[in-house]
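To keep things clear, I will list the structure first and then write my remarks on it.
Bear in mind these aren't lab numbers, they're just calculated from the coordinates by the rules spelled out. Here the structure is a predicted model, which means the values were calculated and not measured. No Cβ is skipped: glycine too gets one built from the backbone with ideal geometry, and neighbour counts run over all protein chains shown.
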Amino acid sequence: MSHNWFEITQFPNRIFRIREPGLGPLHSSHSWLIVGNDKALLIDTCVGIVPLSPFVRSLTSRPVICLLSHSHYDHIGGAYEFMDRRMHPAEMDILENPTPELTFWGGWLNIDSFNFLPTPNYDFSNYAIKPAPPTGLLYDGDEIDLGGRILQILHVPGHSPGLIAVYDPEIGALFSSDALYQGKMFFDLKGSDKVDARQSIRRLINLGARILYPGHYDILQDDAIVATAKSQLALLNG
Ligand SMILES: [Zn+2]
Ligand SMILES: [Zn+2]
């Protein structure tokens, strides 16, 4: 049943991770819900196979700002379900016209990508990303005030041109999406730029984050963040 489709994990400081265990780690990105006193920020929206907003609603009653870190299918599938959608302008056109090629699910996501199906009779042939153009734009240096909690927006291109990371300086928490994680990263896609990627990873190292909540794979802390960033830099230079 679809109620088992999403796995929700709560972390300290009113942070929730939502992921889709029915898909492998390459396809299942982490969505992060960060709750403030007045509003909540949802970073990314999974693949869009099962409606996401009811699960987000079960976690918070506050108005939700939906931030799309970039335009790849594994981050934007549920974007259309949210009224307040924000992203960097560099990839906004793709949200308006989310073709299989531009969002990368064509050639990547197929029936073999599933560990299990959302429902026994689920028909993948109907899968598509619904258009969800942003209702607001985000730029490097912007801040999002959730009430008692101010988050910083970092434009960290490389993997994609409009990639955005979010930093909570109060608790040293970095939500890096596909700009940094411990696992195979992709810098050879259409729209990728390795020079930008190097610069972005160096910038993330210099933040001095204490905990990394990434777009894929494991949560990292302290020295492991720097070690992972340095090994990704070495791979980029190699
Ligand atoms: Zn991803
Ligand atoms: Zn991506």
_Straight-line reach from residue 190: which lysines fall under 30 Å, measuring Cα to Cα and dropping same-chain residues less than 8 apart?_
130, 230
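Using per-residue counts of other Cβ atoms within 10 Å, averaged over each peptide, order 183-195, 157-169, 48-60 from highest down.
Working: 183-195: 13.8, 157-169: 23.3, 48-60: 18.1.
The peptides rank, most packed first, as 157-169, 48-60, 183-195.
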*What is the fewest-to-most order of 231, 177 by other Cβ atoms lying within 10 Å of their Cβ?*
231, 177
*How many angstrom separate the Cα center of the stretch 33-105 from the Cα center of the stretch 165-238?*
21 Å
*Based on the alpha carbon coordinates of the stretch 2-237, what radius of gyration and maximum Cα-Cα distance (Dmax) apply, in Å?*
16.5, 48
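Nearest 500 deg cm²/dmol is fine: what mean residue ellipticity at 222 nm does the chain get from its DSSP H runs of n ≥ 4 alone, each adding -39,500 (n - 2.57), divided by its residue count? List each step's numbers first, then the result.
Values: 6 runs with 47 residues, N = 238.
That comes out to -5000 deg cm²/dmol.
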_Projected label distance in nm at residue 234 and residue 93, using a 7 Å step from Cα toward the beta-carbon_ = 3.9 nm
